[in-house]
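Here is the structure we will look at, set down as structure tokens.
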Amino acid sequence: MLKSVLKRALGLGTAVVEGARIEGESIIVSARPRRAALRCPACGRRCDGYDTLPARRWRAPDVGSARCYVEYAPRRVECPEHGVRAEAVPWARAAPSRFTSAFEDTVAWLALHMCRSALAELMRVDWRTVGGICARVEADLEARDGRGRLDGLRRIGVDETSYKRGHRYMTVVVDHDRGRVVWASEGHGKRQLNDFLDHLTDVQRGSIEVVTADGARWIADVVAERLPGAELAVDPFHAVSWATEALDDLRREAWREARRAPRPKRGRGRPRKGEEARADPAKGVKGLRFPLLKNPEDLSEGQASALGALRRSGTALWRGYLLKEGLRAVFRGDPADARASLDRWLSWARRCRIPQFVELSRKVRRKREGVLRSIELGVSNARVEAVNNKIKVAVRQGYGFRNIDNLIALVMLRCSDLRPALPGRAAA
């Protein structure tokens, strides 16, 4: 009875539990695989025995407050293709892992929900081992899933995100159809994207039909060179963000001009409600930051009132706000009218005599075809931006990462459809 309980609690699979003993404050469980023909752990071929190694121990989930280990002297086999290899055991993944599968699954699950200091204290492991555990769990989940991570890619999104201060970036590639990260690498630029494409076969590269991006030139250059059959779609969200940046720059310029202008004289005492902006025009412009950037349907009553006062002034700042909203309207309108609507907006922005929006019109015109294809195809980089947010959550939760490989392993688990489950329980 005790042996069956230990076997189930430690996730020993088809192993045979021969006994257990206590050493100090640890529990040592002696186990062995069910006797069968010796096979190579890499290819599964039946092989001749080579020798027997000294007894090894694999760290297993704790039993109460006691550490628990599985002990076994593995045999080695001689494979004609892979040479001399230690046999695979049913309770652990292939070498160099010295933990049981149940222990690694628990660590990987906790790594997605806890900070590293709490995880290290709870599981009594060093944080530096967690990255390797997460990588092994992710590779095992993908092998069991049966779908190659890079197979069947049709629509992908490419973006870079900051993971550390000092302009430290990582490049992420997302499969839009399956909603999962398929590749991540340290750094950003042509070299990283070319490295991803080098991992693909000719057939895999030829299957890619659409690449969504934020309009970065290095992405467009690599797509044009390496994926001639794919269409580049520039995310409309980024085009609107360019307009909001131009509008905010115009607001700061108006604030500086208001600061330089002489203030009107007023009487003694505090100004009445509603007179503060007239008493200090610069303060009134500064208070327009959020009303100008928010969507009209999300404005509070006070913010809508501030925009109403700006509308009556008819300044360049108000015209810039109309241009920003006009660009949003292009992306929210009928996709069939997108080309004509965007051309009208470009003509309007080019003739507005507001330097920030004249420059914006040139930028949008350069990306015109990519923006239009994004509207017509109904794709965006929203999923990639969501992945970027999850990466930043992982960085904050772990209080930073010195080893980028550990972060990438966590990203692959957190941002894919292969989620680890706690031992004995189905995946959520």
(message) Show me, for region 27-33, the HN-Hα J-couplings you get by feeding each phi into the Karplus relation (A = 6.51, B = -1.76, C = 1.60, θ = phi - 60°), rounded to Hz, glycine and proline as x.
(response) 10, 10, 9, 8, 9, 8, x
(request) Could you sort out which of Lys286/Lys367; Lys190/Lys363; Lys324/Lys363 sit more than 24 Å apart by Cα distance in this structure? (result) Lys286/Lys367
(message) Between Ala329 and Arg252, what is 0.36 nm times their sequence separation minus the Cα-Cα distance? Round to one decimal in nm.
(response) 25.3 nm
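Calculated FRET efficiency, Glu245 and Glu142, Cβ-Cβ r, R0 30 Å, to nearest 0.05?
0.15
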(message) Along each principal axis of its Cα atoms, how long is region 1-79 end to end? Whole angstroms, biggest number first, please.
(response) 41, 23, 19
(message) Please give the charge dipole size of region 40-79, origin at the Cα centre, charges +1 on K and R Cβ atoms and -1 on D and E Cβ atoms. Round to the nearest 20 debye.
(response) 80 debye
(request) In nm, give the distance between the simple-model label positions of Ser162 and Arg191, each being 7 Å from the Cα along the Cα-to-Cβ direction. (result) 2.1 nm
(message) Considering the Cα positions of region 58-179, please state its Rg to one decimal place and its Dmax as a whole number of Å.
(response) 18.4, 50
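Between Glu78 and Gln204, what is the FRET efficiency for a Förster distance of 30 Å, r being their Cβ-Cβ separation, to the nearest 0.05? Let's see the in-between values first.
On the way: r = 36 Å, r/R0 = 1.19.
Efficiency computed from Cβ-Cβ geometry: 0.25.
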(request) Using label points projected 7 Å from each Cα along Cα→Cβ, tell me how many nm separate Met114 and Phe290, to one decimal. (result) 3.8 nm
(message) Along the Cα→Cβ direction, 7 angstrom out, place labels at Arg419 and Arg128. What is the inter-label distance in nm?
(response) 3.2 nm
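May I ask you to give the solvent-accessible area per residue for the chain, in square angstrom, as obtained with a 1.4 angstrom probe? Spell out each step's value before the answer.
Values: 23060 Å² over 428 residues.
Normalised by residue count, the accessible surface of the chain is 54 Å².
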(request) Report the accessible area of His167, computed with a 1.4 Å probe over the heavy atoms of all protein chains in place, in Å² rounded to the nearest 10. (result) 150 Å²
(message) If you roll a 1.4 angstrom probe over the protein chains with everything in place, what fraction of the accessible area of the chain belongs to carbon and sulfur, to the nearest %?
(response) 50 percent
(request) Compute the length gained on full extension between Val16 and Asp151: take 0.36 nm times their separation in residues and subtract their Cα-Cα distance, giving the result in nm to one decimal. (result) 44.8 nm
(message) Binning at 5 angstrom from zero up to the longest distance, how are the C-alpha pair distances of region 287-385 distributed in percent?
(response) 2, 12, 20, 19, 19, 15, 10, 3, 0
(request) Residues in region 308-332, backbone N under 13 Å from the label point at Glu297 (7 Å along the Cα-to-beta-carbon vector): list them, ranges by number please. (result) 329, 332
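Defining a contact as two alpha carbons under 8 Å apart and six or more residues distant in sequence, what relative contact order in percent does the chain show?
That works out to 16 percent.
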(message) List residues of region 106-130, by number, whose backbone nitrogen lies under 19 Å from a label position 7 Å along Cα→C-beta of Ala95.
(response) none
(request) Sort Thr171, Thr244, Thr315 from largest to smallest accessible area, using a 1.4 Å probe on the heavy atoms of the protein chains. (result) Thr315, Thr244, Thr171
(request) Send over the Kirkwood Rh of region 337-380, from the inverse of the averaged 1/r over different Cα pairs, rounded to one decimal Å. (result) 10.8 Å
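What is the ratio of the Cα radius of gyration of the chain to 2.2 N^0.38 Å, with N the residue count, to two decimals?
Details: Rg = 30.0 Å, N = 428, 2.2 N^0.38 = 22.0 Å.
Taking N as the residue count of the chain, the ratio is 1.36.
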(message) What would the Debye equation give as log₁₀ I(q)/I(0) for region 361-411 at q = 0.13, 0.18, 0.25 Å⁻¹, counting only Cα atoms as equal point scatterers?
(response) -0.53, -0.68, -0.89
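If a helix is a whole DSSP H run, which ones in the chain reach 20 Å or further along their own axis (Cα) and hold a mean Kyte-Doolittle hydropathy of at least -0.5?
Details: long enough: 128-145 (27 Å, -0.24); 236-260 (37 Å, -0.98); 316-332 (24 Å, 0.11); 382-397 (22 Å, -0.26).
Sorted by number, the helices that extend far enough and score high enough are 128-145, 316-332, 382-397.
Largest first, how would Trp91, Trp109 line up by accessible area (1.4 Å probe)?
Details: Trp91 0, Trp109 75 Å².
Final ranking, largest accessible area leading: Trp109, Trp91.
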(message) What figure, in Å² to the nearest 10, do you get for the accessible area of Ser30 with a 1.4 Å probe and non-protein molecules left out?
(response) 30 Å²
(message) What Kirkwood Rh does region 124-208 have if only Cα atoms enter the pairwise 1/r average? Answer in Å.
(response) 14.5 Å
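Just by accessible area at a 1.4 angstrom probe, what is the order of Glu231, Glu71 from largest to smallest? Could you put the intermediate results ahead of the total?
Values: Glu231 70, Glu71 35 Å².
From most exposed to least exposed: Glu231, Glu71.
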(message) I'd like the accessible area for Val395: 1.4 Å probe, protein heavy atoms, all chains in place, Å² to the nearest 10.
(response) 20 Å²
(request) May I ask you to evaluate 6.51 cos²θ - 1.76 cosθ + 1.60, the Karplus curve with θ = phi - 60°, for each residue of region 416-424 and list the ³J(HN,Hα) values in order in whole Hz, giving x for glycine and proline? (result) 10, 8, 9, 9, x, 10, 5, x, x
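The values are calculated or read from the model by the stated rules, or taken from the named source; none is laboratory data. The structure presented is a predicted model; accordingly, all values stated were derived computationally and were not measured. We place every Cβ from the backbone using ideal geometry, glycine too, and count neighbours over all the protein chains shown. Surface areas here come from the heavy atoms of the whole protein model, side chains and all, with no ligands, DNA or RNA. Shrake-Rupley method; radii C 1.70, N 1.55, O 1.52, S 1.80 Å.
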